[in-house]
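Written out below as structure tokens is the structure these notes cover.
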Amino acid sequence: MSELSEYPVLLYYKYVPIALPERFAAEQRGLCGTLELKGRILIAEEGINGTVVGKRDSIVRYMEVMQEDPRFADMEFKISEGALDTFPKLSIKVRPEIVTLGADIPLKADLDNHLSPAEWKAKIEGDPDIVLVDVRNRYESQAGMFEGALPCEIENFRELPEYLPQLEALKDKTVLMYCTGGIRCEKASALFRSQGFEKVFQLHGGIVNYHKHFGNEHWLGECFVFDKRMTVRVDHALNPIGKCAHSGRTTSRFVNCLHDLCHRLFLLAPETQQEDPETILCPECRQAGITSATADYKGSPARSLRG
Ligand SMILES: [Zn+2]
């Protein structure tokens, strides 16, 4: 394991029944505490979903301990490079779902329609009837996506059930869906099929796994990840496709809207912010007439007036 960086980041999940999630969460807190791991782990009766960072030896030990548990013996760990401060703390929570879809009907993750990266690539290249559907959030697709993919106009995965009727026209097509690491697709696939989409396939291991095998073939831009790195460049030779929401300049820099009640993530080029500091408000808030003087944020004039 000497090829691991000094502070590897582990990304993993598995849909597998966990009978006593609270007790398992307590065990995980003990294990991660001893190994001084930081990050976020969600545990539910349906499985586990984690992203942790730590010293190389601790990360190796964590994988060993997990794989000794028969439930996780075949769990796939995706490893990327991190740093000591990739995650500020350790958070382990028990939730109803390991990734929240909140569909009205109970959905079991689909495990039968995975395409390996090689099968995925072959379908893209050989089947003219396919439609690629990016089931990630709007801002993730803006940073990068598969060529010709259809992004979903959602701010959060929970909005997917409500958004789905807009994809009605794809019902008799072959739908190839993908997300970052595969976890969302297993649920999205079950949702699509429950709504009458019959030919649905999902990319096994998601974008991260595909890039490991085929780099940026058929891919444009970067891959958004949910930690302080925000975007991870898939290939350094490739230009980002993200565009500044205010100026249209090419950028891969994400910021949150200054107005806390909005807090929307959007792309903002550093030069644009330098030219006009008010661009730290998202276009929607600016259009609504909000300025840095009237915005509500920590330390804002509006908030200090209220005392
Ligand atoms: Zn805003």
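Nothing in this text is a laboratory measurement; each read-out follows from the coordinates by a stated rule. What you see is a predicted model; the values in this text were computed from it and never measured. Note that each Cβ is placed from the backbone with ideal geometry, even for glycine, and that neighbours are counted across all protein chains shown.
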**OP:** For the stretch 114-224, just say rounded, prolate or oblate: build the C-alpha gyration tensor, square-root its eigenvalues into a ≥ b ≥ c, call rounded for a/c under 1.5, and beyond that prolate if a/b exceeds b/c, oblate if not.
**Re:** oblate
**OP:** Go from 0 up to the bin containing the longest alpha carbon distance in the stretch 1-149, width 10 Å each, and give me the % of pairs per bin.
**Re:** 10, 32, 33, 22, 4, 0
Original post:
Setting aside same-chain residues fewer than 8 positions from Lys173, which lysines have a Cα under 30 Å from its Cα?
Top reply: Lys14, Lys108, Lys121, Lys123, Lys187, Lys199, Lys212
Original post:
Hey, can you rank 143-152, 97-106 by average C-beta count inside 10 Å, highest first?
Top reply: 143-152, 97-106
Original post:
Amide H of Lys243: which non-local residues (sequence gap of 5 or more, or other chain) have their own amide H closer than 5 Å, using H built in the peptide plane?
Top reply: Thr251
**OP:** Quote the Stokes-Einstein diffusion coefficient, in whole µm² s⁻¹, for the chain, based on the Kirkwood radius over alpha carbon pairs, a temperature of 4 °C and a viscosity of 1.567 mPa s.
**Re:** 62 µm²/s
Subject >> Helix runs (DSSP H) in the chain reaching 20 Å along axis by Cα, Kyte-Doolittle at least -1.0 >> reply: 21-35
Original post:
Counting pairs of alpha carbon atoms under 8 Å apart in space and at least six apart in sequence, what relative contact order in percent does the stretch 114-224 give?
Top reply: 34 percent
